[in-house]
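Okay, structure first, notes after.
Each reported figure results from applying straightforward, stated rules to the coordinates on display, with no laboratory input. Note that the structure is predicted; figures quoted are calculated from it, not measured. Using ideal geometry, Cβ is built from the backbone for each residue, glycine included, and neighbour counts are taken over all protein chains shown.
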Amino acid sequence: MLLVRRTAETVVRRNYLRSFSASQARQNDRKGLVLGVFEKEGDESSLHLTEAATRFDQSLSGKLSELLKISGPALKKGKSRVFYGIHKDFPCVAAVGLGKSNASVCGAENCDTSKENIREAVSAGCRLLQDLEVKHVEVDACGDAQSAAEGAILGLFQYDQLKAKKKNKVITQLYESTDIPRWEKGVLYAEGQNLARLLMEAPANHLTPTIFANTIEEKVASHGETVTVKKRSLAWIEEQKMGAFLSVSRGSEEPPVFLELHYRGAPDSSQAPLVLVGKGITFDSGGISLKPSPSMDAMRADMGGAATVCASVVTAAALKLPINIIGLAPLCENMPSGKATKPGDVVTAKNGKTIQVDNTDAEGRLILADALCYGHTFNPRAIVDVATLTGAVDVALGSAACGVFTNSDWLWEQLHKAGIVTGDRVWRMPLFQHYTRQVTDSQLADLNNIGKHSRSGGACTAAAFLREFVTAPHWAHLDIAGVMSNKDEVPYLRKGMSGRPTRTLVEFAAGLAHKD
């Protein structure tokens, strides 16, 4: 009798475990759906759904509309709501608020608010489903498949490489739309920005100059036919007489690397290249002019310029843009030691100009000076440098936009248009002669690496310093210090390093690629 009872218990337990396993498998395989809902306008009594959401609602005889009406107030922009079990293929359906359907380019905001609304809404829906451990999410194009893809991929990014507990990984795809090319383009744009975020978030001991260069080399390995990587050594840097770059790197035990990426996408190989230069300080202690310790950990992202530039070249290669691009990234640490450059030292840049280094924490402009000189040797179509250069630009613009200093109205127009499309926002800043006088007033050398009135117009004096190493008629300097990180300013980016303005650089390059 006892044996029979145990046998029966074993069968019941086994059946329960099988049922539980099957249920768990179904849960792991379940799919989610993100659908867009516009705000009501005027005296509208009915819901205003996107085309895909309307078809979905009709397939359920209006059940989605009914649930939206009875489940609470109308969905506001960027808000989301989940419904369970209303469709056999999608156990979880997230409805997301897209704002007004007539949103368009806003001059005051310097961006296309319609695209931004889509990115914000889709990211909110995808994150909500991610928190519910949904593994596969289909996304409504919401009228712009590229923006929807960007919102999904950017919104789901999480830097958890060094954590034991990982965030639930979600696979996304476009829902019921033929606009696959635009979706795929948006995925590549967003993955490019996520690459920059990945690099910027990495701790400095996990991303030395050498590791940075090797990581980028791995990322472009699949594009070997169009991309050439050159990792220049200390001996090459010395041979090039890049004294300004060397003056920053000498305080560190980590050897500097001058990274070059050559992307050949133009049908005409002789086409003048677009040269992108990125500041690559993989950790900035300030050198002898040591920074205060609070928030110094964020200086692992002081290579944000190099990260966005390299990620842009990787993305251009993935998109097969018909343009030639050269990415330059001087990579080193800025550290204090017995070998470090001291305040008051004079160094000589590649173009022969001498520089009095009165503040070793104004190091970004020093490494960029030599890189800009070198960039001119390629007879570029235009030169754009990108750098987390000054705290002053953060004071001026905050995280609303990156500051752009340029000697070319044409170049500004191209960057401005790109920033409107991507929502990254760029803002033109002045290049007054007043600031040039600030950096050329040096007691011991041709230039001083800080202005005479260092607390006034700091972003402007830094740009004026860089202009002393530029002869190209089309040059722009993007100071991205203010947009380096994200708290809650950009809703579709999580808290952390932002990777901005990678998508703007890609969009800018794409615009140039399709011009004569």
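Remarks
- Tensor-based shape of the stretch 202-514 (alpha-carbon gyration tensor, a/c under 1.5 rounded, otherwise prolate or oblate): rounded
- For the pair Ala164 and Glu253, label points projected 7 Å from Cα toward Cβ lie 2.9 nm apart.
- For the stretch 31-177, the gyration tensor built on C-alpha atoms gives an oblate shape. Its axis ratio a/c (a ≥ b ≥ c) is at least 1.5, and a/b is not larger than b/c.
- Computing FRET efficiency as 1/(1 + (r/R0)^6) for Glu217 and Lys487, where r is the C-beta to C-beta distance and R0 is 45 Å, gives about 0.85.
- Spatially, the stretch 194-248 and the stretch 476-511 are offset by 20 Å when compared through their Cα centroids.
- Selection from Val82, Leu512, Pro273 lying farthest towards where the dipole of the chain points positive, charges on Cβ: Val82
- DSSP-assigned coil residues among GluC sites (Glu not before Pro) in the stretch 42-93, each with at most 12 further Cβ atoms within 10 Å: Glu44
- This model, with +1 at the C-beta of Lys and Arg and -1 at the C-beta of Asp and Glu, gives the chain a dipole about its Cα centre of some 1680 debye.
- Label-to-label distance for Thr210 and Ala74 is 6.1 nm, based on points extended 7 Å past Cα in the beta-carbon direction.
- Structure note, pairs Lys342/Lys452; Lys165/Lys231; Lys76/Lys487; Lys219/Lys495: Cα-Cα distances above 23 angstrom occur for Lys165/Lys231; Lys219/Lys495.
- Calculated FRET efficiency for the pair Asn379/His136, C-beta based, R₀ 45 Å, to 0.05: 0.35
- Protection proxy ranking, highest mean first, for peptides 99-106, 323-330, 289-296: 323-330, 99-106, 289-296, where packing is the per-residue count of other beta-carbon atoms within 10 Å, averaged.
- Whether the stretch 170-286 is rounded, prolate or oblate, judged on the alpha carbon gyration tensor where a/c under 1.5 counts as rounded: oblate
- Membrane-span-like helices in the chain (whole DSSP H runs, Cα extent of at least 30 Å along the helix axis, mean Kyte-Doolittle hydropathy of at least -1.0): 2-29, 180-201.
- Two-site FRET efficiency, Lys40 against Val105, from Cβ-Cβ distance with R₀ of 25 Å, rounded to 0.05: 0.65
- Given charges at Cβ of Lys, Arg, Asp, Glu: the chain dipole, positive-most of Val170, Met484, Gly224: Val170
- The stretch 275-295 and the stretch 297-373 have their alpha-carbon centroids 10 Å apart.
- A protection proxy built from the mean count of other Cβ atoms within 10 Å ranks the segments 306-312, 331-337, most packed first, as 306-312, 331-337.
- Per-residue 3J(HN,Hα) values for the stretch 339-350, derived from phi via the Karplus relation 6.51 cos²θ - 1.76 cosθ + 1.60 with θ = phi - 60°, read 9, 5, 4, 9, x, x, 5, 10, 10, 10, 7, 4 Hz in sequence order (x marks Gly and Pro).
- Label positions at Leu444 and Tyr84, each projected 7 Å from the Cα along the C-beta direction, are separated by 7.0 nm.
- Helix-only [θ]222 nm of the chain, DSSP H runs n ≥ 4, -39500 (n - 2.57) each, per residue, nearest 500: -12000 deg cm²/dmol
- Relative contact order (%) - the chain, alpha-carbon pairs under 8 angstrom, separation at least six: 14 percent
- Taking packing as the residue-averaged number of other Cβ atoms within 10 angstrom, the listed peptides 139-151, 378-390 run from highest to lowest as 139-151, 378-390.
- Dipole magnitude for the stretch 462-511: about 200 debye, using +1 per Lys or Arg Cβ and -1 per Asp or Glu Cβ, origin at the Cα centre.
- Trypsin sites (Lys or Arg not before Pro) within the stretch 133-222, DSSP loop, no more than 10 other Cβ atoms inside 10 Å: Lys163, Lys165, Lys166, Lys169
- 11 Å cut-off, amide nitrogen to a point 7 angstrom out along Ala272 Cα→Cβ, residues in the stretch 459-486: 472-475
- Mean separation of Cα contacts under 8 Å, 6 or more apart, over the residue count of the stretch 296-406: relative contact order %: 27 percent
- Total charge dipole magnitude, the stretch 31-177, about the Cα centre, Cβ charges on Lys, Arg, Asp, Glu only, Debye to nearest 20: 760 debye
- Loop sites in the stretch 456-507: trypsin sites (Lys or Arg not before Pro), DSSP, at most 11 other Cβ within 10 Å: Lys487, Lys495
- Projecting the Cα atoms of Leu156, Phe38, Gln146 onto the charge dipole of the stretch 31-177, computed from C-beta unit charges around the Cα centre, puts Leu156 farthest toward the positive end.
- Pairs from the list Lys350/Lys417; Lys69/Lys167; Lys320/Lys515; Lys167/Lys279 with a Cα-Cα gap above 24 Å: Lys350/Lys417; Lys69/Lys167; Lys167/Lys279.
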